[in-house]
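Here the structure is laid out as structure tokens; the discussion comes afterwards.
The values are calculated or read from the model by the stated rules, or taken from the named source; none is laboratory data. Not measured: the values here are computed from a predicted model. For neighbour counting, all protein chains shown are included, and Cβ atoms are generated from backbone atoms with ideal geometry for every residue, glycine included. Only protein heavy atoms, including side chains, enter the accessible area calculation; ligands, DNA and RNA are left aside. Shrake-Rupley method; radii C 1.70, N 1.55, O 1.52, S 1.80 Å.
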Amino acid sequence: MSYDLKEVCKDIRCDILRCIGHLGVGHIGGCLSVVELLAVLYFQEMNIDPKQPKMAGRDRFVCSKGHAGPAVYAALANRGYFDKAELLTLNQSGTNLPSHCDMNRTVGIDMTAGSLGQGFSCAVGIALGSKLEKDGATVYALVGDGESQEGQIWEAAMFAAAKGLDNLIAFTDYNKFQIDDSVDKVNDVAPLAEKWAAFGWNVIDVEDGNDVEQVSEAVRHAKLGPGGGRPTMVILNTVKGCGVQWIVDLGAGNHNCKVSEEQAKAACREIRGED
């Protein structure tokens, strides 16, 4: 089945806003910045089946920046893993959709994440296991730019390259902001491309990580295998809060902020070009 990925992105963004607006607060900035990646993976590239979420040999996605859970939930709901009505239970008592991804509570989540750096290590382990099983799966992992300040990220990066995990494709959501300030002011991770290359990874630098066509091309290139039996890092230069100007304008303030239902509705109209 073929999807209009630009329309899928609008749907995912609106559902992110709807569930966070219903709750009243959430990690809106870093959710909106990764929408294009999720649309490309879940609606075009990944070998998955919502009717068989535990299918053997399926591709897997690990959201190591676990606070982007609402974005992943919106993608899963739109892909048919569960009813969209469940999105309105986000982070409430008894929910199956906690703020951060939890594989034991949410259908379609392949790995629990939240303590930054740990999800990426798990993704590397999953990729190694897939290699040993020879199941043909591709493992995808998403890390944040602030998260990339964690030493655990680089330990896992070194191990993945040493083991030749060419079935692992990772992405950095390089939106330039983290919870306290801009990344360069807190603890600059630049130059990212050179660092990942130095750790033995193939590197693809995407100029506009919020352009679905550029993201799609990068993923396809990564899947073809740039060569050398190495894992691949795709650096996505994104905008934190992409799609809603007032959220973008908050800068680091949009990492976790209040969003009312009326603001969410207005933002969705902006996303769909209805204003």
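Given the stretch 99-218, what helices (runs of 4 or more DSSP H) lie entirely inside it while holding 3 or more residues that are among the small types (Gly, Ala, Ser) and more than 24 Å from Pro53 (Cβ to Cβ)?
Numbers: elements: 118-133, 151-162, 183-187, 192-198.
Hits in the stretch 99-218: 151-162, 192-198.
Given the criterion out of contact with any strand residue (DSSP E or B) (no Cβ under 6 Å at 6 or more places or on another chain), within 22 Å of Ala267 (Cβ to Cβ) and surrounded by fewer than 20 Cβ atoms within 10 Å (Cβ to Cβ), identify the matching residue among Glu36, Glu7. Criteria check complete, one pass: Glu7. Which residues, taken from the stretch 60-94, are in a loop (DSSP other than H, G, I, E, B) and either open to solvent by 10 Å² or more (accessible area, probe 1.4 Å) or touching a strand residue (DSSP E or B) at 6+ places or on another chain (Cβ under 6 Å) (or both)? Matches in the stretch 60-94: Ser64, Lys65, Gly80, Tyr81, Phe82, Asp83, Asn91, Gln92, Ser93, Gly94. If you go through the stretch 20-31 and keep only what is within 14 Å of Cys63 (Cβ to Cβ) and open to solvent by less than 10 Å² (accessible area, probe 1.4 Å), you end up with Gly30, Cys31. Applying the condition of being of a type in the set (Gly, Ala, Ser) and either free of Cβ contacts under 8 Å to residues at least 60 places away in the same chain or out of contact with any Cys (no Cβ under 8 Å at 6 or more places or on another chain) (or both) to the stretch 39-59 and asking which residue is surrounded by the fewest Cβ atoms within 10 Å (Cβ to Cβ) yields Ala56. Residues of the stretch 236-247 that are in a helix (DSSP H, G or I) and in contact (Cβ under 8 Å) with a residue 40 or more places away in the chain: Ile247 alone.
Across the stretch 205-234, the number of residues qualifying as under 19 Å from the mean Cα position of the chain (by Cα) and either within 18 Å of Ala39 (Cβ to Cβ) or open to solvent by 50 Å² or more (accessible area, probe 1.4 Å) (or both) comes to 20. Among all residue pairs at least 6 apart or on different chains, which show Cβ distances below 8 Å where the first residue, located in the stretch 256-275, is free of Cβ contacts under 8 Å to residues at least 12 places away in the same chain and the second is of a type in the set (A, V, I, L, M, F, W, C)? Matching pairs, first to second residue: Asp275/Ala266.
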